[in-house]
1. Could you tell me which GluC sites (Glu not before Pro) in region 156-230 are loop residues by DSSP with no more than 12 other beta carbons within 10 angstrom of their beta carbon?
2. Rank the residues 37, 107 as a footprinting-exposure proxy: fewest other Cβ atoms within 10 Å of their Cβ go first.
3. For region 197-288, restrict the atom set to alpha-carbon positions and state the Rg and Dmax in Å.
4. Taking the mean number of other Cβ atoms within 10 Å as a proxy for protection, how do you rank 246-254, 147-155, 382-390 from highest to lowest?
5. To the nearest 10 degrees, how steeply does helix 159-169 sit against the main Cα axis of the chain, on a 0 to 90 scale?
6. Over the Cα atoms of region 48-207, what Rg and Dmax result, in angstrom?
7. Determine, for 35, 439, the number of other Cβ atoms within 10 Å of each Cβ, and report the residues in order from fewest to most.
8. Picking from 441, 410, 398, whose Cα lies most toward the positive end of the charge dipole for region 371-447 (charges on Cβ: Lys, Arg +1; Asp, Glu -1)?
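Quick note: the coordinates plus some simple rules give every number you see, no bench work behind them. No experiment lies behind these values; they were computed from the predicted model shown. Cβ coordinates were reconstructed from backbone atoms using ideal geometry, including for glycine residues, and neighbour counts include every protein chain displayed.
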Amino acid sequence: MGIIVNKTRHEVTGEMADFSAVLKGTEIEAVKEMTVLVVGGGGREHAIVDALSRSKRVSKIYAAPGNAGIAEQAECVAIKDTDVEALLAFAKERSVDLTVVGPEAALAAGIVDRFQEEGLKIFGPTRAATRIESSKEFAKNLMKKHGIPTAAYEVFSDYQAAMDYVKEQGLPIVLKYDGLAAGKGVVIAETMDEAEGALRDMLLNDKFGHGKVVVEECLTGPEFSFMCFVSNDKVFPMVTVQDHKRAYDGDKGPNTGGMGAYSPLPFITKEDEEYAYNHIMCATANAMIAEGCPFKGVLYGGLMKTPKGIKVIEFNARFGDPETEVVLPRLKSDIADVFMSVIEGRNVTLEWDKRAAMGIVLASKGYPGDYQKGFEIEGVDSVDGTVYHMGTARKDGHLVTNGGRVLFVTVMADTLKEAREKANEEIAKIKCENLFHRTDIGWQAIR
Ligand code: AMP
Ligand code: GLY
């Protein structure tokens, strides 16, 4: 017989117990009783739902809006991820214990602030802290002020002044629209014509809306993503991971939201990781406190290992997509515990699977440009690996394509090479006439 502890002070440690638990000797066996709401409906949210479904604490998962794959592990509710008031009403009505936010748009809409005002537990940064992603000017100024290594830059709202600066700096040069542009607001201009065209789109034609442009130095070196769970000044690193932004093999073609990812990264040493942890991730967490907008949630460092050291390309205020789909399968710790600990400011111990994870996106032909939806997909159930749904739907009982990025196949193996071979074999089992994928994910690590 155990003792039931239910949201009272823990008799041994004196800490408040968050969940009902049954104490059996020294072992605490969690009772599955948490109801969790995951906001979003892509591959990242599918990976979060999948990790939550492995939790010893979680008994019920809702996803809003979810997708056809998520629907197999959670109850999907048709609420838009940015409809904060409807999400709040739903969370109250269903006595949701924890809400986890996937997409940046929901964070920028202030979902965390609203839930907190109403006393609900939610995982993610406030609107003010989300500016580290939603405003490139805010992020760049923060880095400059607090000595966090990043590319040299200037911010412009005037077309002519921006063009003059570009001419002064020379080529190649990077032009970034300041705002959420879903990865499409960045141009690396190799010629003056390209620079002129891009600045015209961004500042004169308001292609992404009316905003400013950050013009910055072009850095070189391998890029990688370093995501950390952050709770004010506490920073808990996840394993590093690399995304592939270009649409086609050989890193050719247009920039996308990401076409595949893998972890671990052999070219990132322990020293690199320590440097990035201390001088970038912890420094940024502290800078956010100093600026009056402490960060809680996942801080995503988009970093580059340049010949002059590791520098920040961008920050995101959330889990990366598709990085999350290869990182969370390697997480052995109970993710519900991790989320609650971050919210309540407790320490977190993260345990990782030593195996390599390789994940490949299957995208609609035409993506990231125009594409059609509604093509039937077969063979998903025969894949030996994890299939995360990024943009799918069910039509007349059949699984169909319903987005630019459609599916993500993750395979784990002892080495990256084995994982990629297996991933490519497994992908061949998925039949759909309108999908394409890269075959060279991990080329910088697999020679
Ligand atoms: P961002 O939206 O800031 O992540 O930029 C998208 C992509 O553009 C990055 O993943 C990089 O590949 C590239 N990029 C952005 N900033 C720079 C820079 N300063 N130097 C070189 N490449 C960059
Ligand atoms: N994979 C890049 C991102 O999530 O922004």
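1. Of the GluC sites (Glu not before Pro), the ones in loops of region 156-230 whose Cβ has at most 12 other Cβ atoms within 10 Å are 190.
2. 37, 107
3. Here Rg and the maximum Cα pair distance are 17.0, 46 Å.
4. 382-390, 147-155, 246-254
5. On a 0 to 90 degree scale, this one is about 80.
6. 20.5, 60
7. Ascending Cβ contact count within 10 Å gives the list 439, 35.
8. Looking along the dipole axis, the top candidate is 441.
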